[in-house]
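This report concerns only the one structure given below.
Nothing in this text is a laboratory measurement; each read-out follows from the coordinates by a stated rule. This structure is a prediction, so every number in the text was calculated from the model and none was measured. Here the Cβ is made from the backbone with ideal geometry for all residues, glycine too, and neighbour counts use every protein chain on show.
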Amino acid sequence: MELQRALILESFFVESSEGLTQMEQAIRELETRPEDMELLQGIFRVVHTAKGNAGILRLPNLLTFAHSLEKLLDEVRKRNLTMTPERVALLRASLEVLREMTSPAGADTDTLSERAKDVLGKICAQLESDRGRTKETFVEGPASAAINDRK
């Protein structure tokens, strides 16, 4: 069973790396074309895939982070939020956190670094500013305690 999980994780690392490279390129292009919904859709797909894989692999902190980022991206896709330079910068920071969390070391421990907590808090703040909701609305699971402790 451990060998099978190891093989699955290896595939996850490769797939994640490829997806995050695509996400990085799309973010770069989004800086000059913030209204380009095709770019945004590509970023959304990468995050959605990471979320699904995190669920299958039982990586709850990665799942929570990706789910929160997915919600933010969905709000932009629905045009409830606009893509601002601040949000592009947040996507860049989220990309680095996802790289950290989907690396062999990160996935092995499935912990939220201080940087990840900070970025997750900023994602939640963006969602709150749009809806006037509390952080608990957006962050569930193990990561919720880390975010709520930072209030």
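Data overview
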| item | result |
| --- | --- |
| J(HN,Hα) series, the stretch 64-73, from Karplus relation 6.51 cos²θ - 1.76 cosθ + 1.60, nearest Hz, glycine and proline x | 5, 4, 5, 5, 5, 5, 4, 4, 4, 4 |
| In sequence order, calculated HN-Hα J values of the stretch 8-15 (Karplus, 6.51, -1.76, 1.60; Hz; x Gly/Pro) | 5, 4, 4, 5, 4, 4, 5, 4 |
| Descending Cα extents along the principal axes, the stretch 1-107, whole Å | 46, 22, 19 |
| FRET efficiency estimate (nearest 0.05) - Cβ-Cβ, Glu96 to Glu10, R0 22 angstrom | 0.50 |
